[in-house]
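Here the structure comes first, spelled out in structure tokens, and everything after it is commentary.
The values are calculated or read from the model by the stated rules, or taken from the named source; none is laboratory data. These figures come from a predicted structure and were not determined experimentally. As a convention, Cβ positions derive from the backbone with ideal geometry for all residues, glycine included, and neighbour counts pool all protein chains shown. Heavy atoms of the whole protein, side chains included, go into the accessibility calculation; ligands, DNA and RNA do not. Shrake-Rupley method; radii C 1.70, N 1.55, O 1.52, S 1.80 Å.
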Amino acid sequence: MNTSSVHQAMSGVWAQLDGFRDGMLRFALLQLRNRSVAEDAVQEAMLAALEGAQRFDSRSQLKTWVFSILKHKIIDIIRQRSREPLLDCATDELPEDAFDPLFSERGHWQKAERPSDWGNPEKSLENTRFWTVFEACLDHLPENTARIFMMREFLGLDTEEICKAVGITPTNCWVVLHRARMGLRLCLEETWFDTGRK
Amino acid sequence: MLNCKQATALMSQEQDRPLDLKERLGLRFHVSMCAGCRNFRKQMAFLHEACAHYPDAATKQQEDDRDPV
């Protein structure tokens with residue numbers, strides 16, 4: 001390969017990577033909640049992905065790869081941050097009794113609050129509007145609660161790694177994750193799954 | 001015996017750690033009798049699945065706009 005064909009191939013890959021930019025930025029922004037930090041992380045991930053990108057012959061492989069680089073960048077940023085100020089009071093963001101009204105005194109679902117059957121929710125994954133609602137619901141969670149949830153579910157860190165990164169105990173971590181899921185499912189039920197069947 | 005509130009905590013935690021035998025049996029028994037918690041459990045699994053799909057979905061719209069295949 002001569003220099004100009006290498007150059008051509010690189011710019012082709014760059015154009016493909018650029019096609020993922022908006023999605024990567026949304027992914028990073030949800031987790032970092034700071035536009036310039038998120039933009040830097042995306043830019044760095046794209047540059048890092050450029051190297052060796054020739055190995056991938058499908059768009060989806062390239063996408064998976066650049067996202068895995070981006071995930072590592074986000075993990076690094078979160079780790080660096082946590083060495084400075086600890087995430088304060090992560091467990092206090094959603095108070096312990098935040099979801100108590102859903103349950104009776106004996107801890108059973110109130111009739112009106114009983115989780116409904118979402119049918120075939122996987123169908124929603126193909127719907128662009130669902131993802132707008134999903135993002136809004138994530139954004140609606142308190143910042144640290146959402147961040148810990150996304151460290152678990154988006155970045156795939158286990159509880160122990162999350163504990164280390166944000167300085168909370170495993171028990172607290174499970175509690176925060178539980179509240180995050182309670183909040184998210186309630187938000188999705190109210191704004192997406194229940195609206196369709198009324 | 002578990003109530004729904006305790007069961008939801010376990011159904012979240014089973015996404016994050018292996019439950020012990022007592023927890024598993026307690027949960028199985030509760031869920032077998034409680035339709036609300038059966039739905040809740042499916043919803044937890046769906047949340048996990050949705051998060052795994054998020055990167056793909058987030059980039060899809062932009063790709064559709066720019067690159068009709």
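Values as computed for the structure displayed
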quantity	calculated
Given (1) open to solvent by 30 Å² or more (accessible area, probe 1.4 Å); (2) modelled with pLDDT of 95 or more; (3) out of contact with any strand residue (DSSP E or B) (no Cβ under 7 Å at 6 or more places or on another chain), index of the condition residue A:42 fails	(1)
Search result, residues across region A:111-134 that are crowded, with 18+ Cβ neighbours inside 10 Å, under 23 Å from residue A:30 (Cβ atoms) and facing chain B (nearest Cβ under 7 Å)	A:118, A:121, A:131, A:134
Tally, over region A:70-100, of residues that are modelled with pLDDT under 95 and either among the acidic types (Asp, Glu) or touching an Asp or Glu at 6+ places or on another chain (Cβ under 8 Å) (or both)	8
Residue within region A:152-167 that is more than 8 Å from chain B (Cβ to nearest Cβ), among the β-branched types (Val, Ile, Thr) and assigned to a helix (DSSP H, G or I) present	yes
Single residue of region A:88-110 satisfying the filter (facing another protein chain (nearest Cβ under 10 Å) and polar (S, T, N, Q)) that is most open to solvent (accessible area, probe 1.4 Å)	A:110
Number of positions in region B:1-57 that are part of a loop (DSSP other than H, G, I, E, B), surrounded by fewer than 13 Cβ atoms within 10 Å (Cβ to Cβ) and at pLDDT 95 or above	2
Residues that are over 13 Å from residue A:73 (Cβ atoms), part of a helix (DSSP H, G or I) and either open to solvent by less than 20 Å² (accessible area, probe 1.4 Å) or acidic (Asp, Glu) (or both), drawn from region A:14-37	A:17, A:18, A:22, A:23, A:30
